[in-house]
Amino acid sequence: MLKGVSASTGIAIGKALILKELNYNIQKNNVENAEKEKEKLNLAIDRAKEQLEKTIKSTKEKLGEEKSKIFEAHLLMLDDPEFTGAIISKIEGDKINSEYAVKTTSDELAMIFESLDDAYMRERAADIRDISKRLIKILNGDESLSIEDIDQQCIIIANDLTPSDTAQINKDLVLGFGTQIGGVTSHSAIIARSIGIPAVLGVGEDIKTIKENDILILDGDNGNIIVNPAEDVLIQYREKMQEQRKFRETLLKFKEQESITLDNKKVEVVSNIGSIDDAENALKNGAEGIGLFRTEFLYMSKDNLPTEQEQFQAYKEVLEKLNNKPVIIRTLDIGGDKKLTYLPIGEELNPFLGYRAIRLCLDRKDIFKTQLRALLRASVYGNLKIMFPMISNIQELREAKEVLEECKAELRKEKIEFKNDVQVGIMIEIPSAAVSSDILAKEVDFFSIGTNDLIQYTIAVDRMNERVSYLYDFFNPAVLKLIKMVIENGHKEGKYVGMCGEMAGNKYLIPLLLGMGLDEFSMSASSILNARRIISESNYKECIKIVDKVMALSTSTEIKEYLMSISK
Ligand code: PEP
Ligand code: MG
């Protein structure tokens, strides 16, 4: 049994599929014999064609004609002289290794496509990069599968999955995943929770003992991966899966109910989403609104910055789907573990402390304004609230609001409709913001506490590093004190305080957060119904007493044990 972190709950049983990372750090080498290098390339092209033909066939059978067209386009590209011809001329002309020739040709062509006005043509840049990666992989002698080649049910085992890898996961085929690195709040874990598949992250080096096609039990509830289990263990887990299915059915009755305690304290249970599809799933799970739309996934699913029109369409669609329920859309929070290939920001020693989110947006006003204009234009289609991430002081907030006002003035001038009184709030996810939340509360409409980052910055523990994950703790007394303070400071100014960090969906913490007066709980769609059950079975006055009790305890172990002992 391998031990990791429980990153997304549930159990999966299936065959292991090992995904290897592509070494994209390709060196330029001079070659003496260009003919030999060309031969190597031609063999790789033939092999890529074979792989693609196989993938087209199985994709057609399992996922339909439409999905297989992507691979047909890749196949055509391998016969396109603009692409393969350019690679060959580089090998001949510059006498360089084929991998480097593929990489540079791909970068050049992708850049040309990305600069075009036509959205369809710009999307082709992604295809060029995909097919080039496939060729480089083959040239490196690596025959392992890529995420898009998966054509049978499996449990993915990998060193790490990037958020964009995870976003490509087809839930019908990928039963769950386990990774060597990462933790509860790395973004691949967050996506796993939103699509509702189990995940065990941060297993460490031991994960390498898993072999292709090993039978695995992925126990997302306890953070374990059991490799080639005995028959009686398999039976035991199948029974557990059955019980969980039944429990989920009993929760369905909470779907249409209000989120209200036994003594009539009303709160909101809303959802975190990263895409339009997630919005659909949130509604299916009874969300009363959207507490956090992580717009960066919109940027990550593309190969170039999404245009104002593309963003407007996406926001409008989500707002219309939610039919006047509140939708908090967060402006771009790129950086940290969320990267954009087409917007390189250079290597940083501490990316989570670096050039990210609002810092990048205030520096790149062109990017920021495109998004704000799209948001404002979409505001007339529903109940939009705009939220800025990573605010660390009041100046940043003022500056961001000024840019928003500039956009409003532009739209007014252009006679484009928008809601003038759209609410503006901020994430409280940096300790300096939490400590000065009394000041910040005066200039916002709402707060949303981002505990994923607030924990890492308060305890100085990297949320991605499995070696220090024992310190990354929802029950840490310092974090709880900060949260209590933020809620009180928000309320003193009559402002609404929500939480969109993963803590909001934690079943042991919900009564405590209720007692602290949290107004809105925003979580992965899969946690909503159980959260609503807990709220419905709680008594607000009792919850206030829980807060007093917890605040008098001094260690997270004591706090956790106490909260578990009273959990419903
Ligand atoms: C957070 O930090 O709590 C949060 C919700 O934002 P993200 O997880 O996207 O950093
Ligand atoms: Mg954050």
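What number comes out for accessible area per residue over the stretch 420-568 if the probe is 1.4 Å? Units Å², please.
The answer is 38 Å² per residue.
Mind ordering 506-515, 492-501, 242-251, 301-310 by average Cβ neighbours within 10 Å, highest first?
Top to bottom by mean Cβ count within 10 Å: 506-515, 492-501, 301-310, 242-251.
When you count, for each residue, the other Cβ atoms within 10 Å and take the mean per peptide, how do 1-10, 43-52 rank with the highest first?
1-10, 43-52
Can you pick out the pairs among Lys385/Lys419; Lys28/Lys90; Lys171/Lys302; Lys40/Lys133; Lys28/Lys137 whose Cα atoms lie more than 18 Å from each other?
Over 18 Å Cα-Cα: Lys171/Lys302.
What's the ranking of 552-560, 519-527, 126-134 by average number of surrounding C-beta atoms within 10 Å, highest first?
With the highest mean Cβ count within 10 Å placed first, the list reads 519-527, 126-134, 552-560.
What base-10 log of the normalised intensity I(q)/I(0) is obtained for the stretch 163-246 from the Debye formula, alpha carbons as equal point scatterers, at q = 0.11, 0.18, 0.24 Å⁻¹?
Per q value, in the given order, log10 I(q)/I(0) is -0.31, -0.84, -1.34.
Per residue, how much accessible area does the stretch 23-139 show when a 1.4 Å probe rolls over the protein heavy atoms, in square angstrom?
56
Please label the shape of the stretch 278-423 as rounded, prolate or oblate, based on the square roots a ≥ b ≥ c of the eigenvalues of the alpha-carbon gyration tensor (a/c under 1.5 means rounded; beyond that, a/b larger than b/c means prolate, else oblate).
Taking the square roots of the gyration eigenvalues as a ≥ b ≥ c, the stretch 278-423 is oblate.
By how many degrees, between 0 and 90 and to the nearest 10, does the Cα long axis of helix 98-114 differ from the longest principal axis of the chain?
Rounded to the nearest ten degrees, it is 60.
Can you tell me the dipole magnitude for the chain around its Cα centre, using point charges on the Cβ only (Lys, Arg +1; Asp, Glu -1), in Debye to the nearest 20? Present the calculation step by step, with values, prior to reporting the outcome.
Values: 76 positive and 92 negative charges, 317 e Å.
Magnitude of the dipole: close to 1520 debye.
Using alpha carbons only, how many degrees (0 to 90, rounded to 10) separate the axis of helix 231-251 from the longest principal axis of the chain?
50
Ignoring ligands, DNA and RNA, what percent of the accessible area of the chain is carbon or sulfur (1.4 Å)?
On the way: 12490 of 25110 Å².
Answer for the chain is 50 percent, counting heavy atoms of protein chains only.
With a 1.4 Å probe and all protein chains left in place, how much accessible area per residue does the stretch 163-246 have, in Å²?
The answer is 42 Å² per residue.
Run lengths n ≥ 4 of DSSP H only: what is the helix-derived mean residue ellipticity at 222 nm for the chain, with -39500 (n - 2.57) per run over all residues, to the nearest 500?
-14500 deg cm²/dmol
Would you list the P(r) distribution for the chain, with all Cα-Cα distances sorted into 10 Å bins from 0 and each bin expressed as a whole %?
That works out to 3, 16, 26, 26, 18, 8, 2, 0, 0, in percent per bin.
Whole-Hz ³J(HN,Hα) for each residue in the stretch 133-145, computed from phi via Karplus 6.51 cos²θ - 1.76 cosθ + 1.60 with θ = phi - 60°, x for glycine and proline: what do you get?
Couplings: 4, 4, 5, 5, 4, 5, 4, 7, x, 9, 9, 6, 6 Hz.
The values are calculated or read from the model by the stated rules, or taken from the named source; none is laboratory data. No experiment lies behind these values; they were computed from the predicted model shown. Every residue, glycine as well, gets a Cβ built from its backbone with ideal geometry; the counts of neighbours run over all protein chains shown. Note: areas computed on protein heavy atoms with side chains; ligands, DNA, RNA excluded. Shrake-Rupley method; radii C 1.70, N 1.55, O 1.52, S 1.80 Å.
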